[in-house]
Every structure is written in C-alpha cells, then in structure tokens.
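A.B. asks: A single structure is presented below for examination.
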Amino acid sequence: QLQLVESGGGLVQAGGSLRLSCLASGFTSGYYNIGWFRQAPGKAREVVGCISDSRIYYADSMKGRVTISRDSAKNTVYLQMNSLKPEDTGVYYCAADQRTSSCQGPPRYVYAYWGQGTQVTVSS
C-alpha cells in the first residue's frame with residue numbers, strides 16, 4: 001500500500017518560515033516523482049513545485065521562497081518555505097507516483113497517490 005504523510009504545517013507570522021515533510025512508504029524501488037500542491041480556501045489547487053530523480057521544478061506562485069529537497073534514506077521530501085505571506089495560507093499536499101519520468105504535467109496524469117494534507121496558516 002502506497003502512502004504519503006505530510007507534516008510540518010502550522011501557524012506562522014508573515015515573514016516566517018516552515019518546513020513541510022512528505023514521508024513516502026510502499027514504493028518498491030527506484031525514484032518517484034513528488035509534487036507539492038496547495039489549496040487556499042475557495043480557490044483551486046495549484047502546484048508549488050516538484051522533484052523527479054534529476055530535476056526540481058518550482059512554480060511561479062512561490063518561486064524564490066521555497067526549496068524542495070529529498071532525503072532518500074528517509075523516504076522523505078521536504079518543502080522549505082520562507083518569507084511566508086498571508087496569501088500562502090492553505091492546505092498543502094504532496095503527491096507521488098512513478099508513472100512518468102518528469103514530475104511536471106497535469107496532476108491527474110502524473111500523480112495517483114496523495115497525502116491527506118497539512119494546514120499552513122500565515123497571520124499578518
């Protein structure tokens with residue numbers, strides 16, 4: 001059973017930082033793509049960035065303020081977020097799969113497995 005568990009969300013003041021974690025379990029072998037997404041209240045889900053075995057991609061929404069990294073030994077991918085703004089408030093999700101070589105693309109084609117999400121709230 002493939003499972004993803006996010007953690008690290010919480011309440012932070014504007015300008016602060018958070019590091020989210022995505023722990024993956026159940027992948028039999030090899031690299032897998034991990035995507036980070038977020039959904040603000042009343043808005044559609046949007047991509048934050050993603051990591052494949054060879055590349056990291058950042059969406060414009062948070063580019064320059066986020067860093068994605070992978071610790072393969074721990075089966076964990078991190079999303080370091082800095083200079084947070086109130087508009088960054090939302091539920092952050094990680095997603096994973098091994099179906100494609102690129103982590104980019106329509107989520108419905110790239111990712112079959114999703115975590116439960118972790119709430120990030122940025123106060124002004």
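A.B. asks: Through the Karplus equation 6.51 cos²θ - 1.76 cosθ + 1.60, θ set to phi - 60°, convert the phi angles of the stretch 14-26 into ³J(HN,Hα) values in whole Hz; use x for Gly and Pro.
C.D. replies: Values per residue, Gly and Pro as x: 4, x, x, 10, 9, 10, 8, 10, 10, 8, 10, 9, x Hz.
A.B. asks: Return the percentage of antiparallel bridges among DSSP beta bridges fully within the chain, rounded to the nearest 5 %. Intermediate results must be reported in sequence, preceding the final value.
C.D. replies: Working: 37 of 41 bridges.
Here the share of antiparallel DSSP bridges comes out near 90 percent.
A.B. asks: Using the 4.7 Å Cβ rule, please list in number order the cysteines from the chain without any candidate partner.
C.D. replies: Here no cysteine comes out as lacking a disulfide-compatible partner, given the Cβ-Cβ threshold of under 4.7 Å.
A.B. asks: What's the ranking of 32-38, 74-80 by average number of surrounding C-beta atoms within 10 Å, highest first?
C.D. replies: Order by mean packing, descending: 32-38, 74-80.
A.B. asks: Here is a further query. Give the lysines whose C-alpha is closer than 21 Å to that of LYS43, dropping any in the same chain fewer than 8 places away, or say none.
C.D. replies: Result set, ordered by chain and number: LYS63, LYS85.
A.B. asks: Considering Cα pairs under 8 angstrom that are at least six residues apart, work out the relative contact order of the chain and quote it in whole percent.
C.D. replies: Computed value for the chain: 36 percent relative contact order.
A.B. asks: Shifting gears a bit: Carbon and sulfur: what percent of the chain's accessible surface (1.4 Å probe)? Mind dumping the intermediate values first?
C.D. replies: Details: 3080 of 6540 Å².
Carbon with sulfur: 47 percent of the solvent-accessible area.
A.B. asks: With θ set to phi - 60° and the Karplus curve 6.51 cos²θ - 1.76 cosθ + 1.60, what are the ³J(HN,Hα) couplings of the stretch 64-71 in order, to the nearest whole Hz, using x for Gly and Pro?
C.D. replies: x, 10, 10, 9, 9, 9, 10, 10
A.B. asks: Okay, moving on. If you roll a 1.4 Å probe over the heavy atoms of the protein chains, what accessible area per residue do you get for the chain, in Å²?
C.D. replies: I get 53 Å² per residue for the chain.
The values are calculated or read from the model by the stated rules, or taken from the named source; none is laboratory data. Bear in mind the structure is a predicted one, so any value in this text is a computation, not a measurement. With ideal geometry, Cβ positions are generated from the backbone for all residues, glycine too; neighbour counts draw on all protein chains shown. Remember, those area values only see protein heavy atoms, side chains included, never the ligands or the DNA or RNA. Shrake-Rupley method; radii C 1.70, N 1.55, O 1.52, S 1.80 Å.
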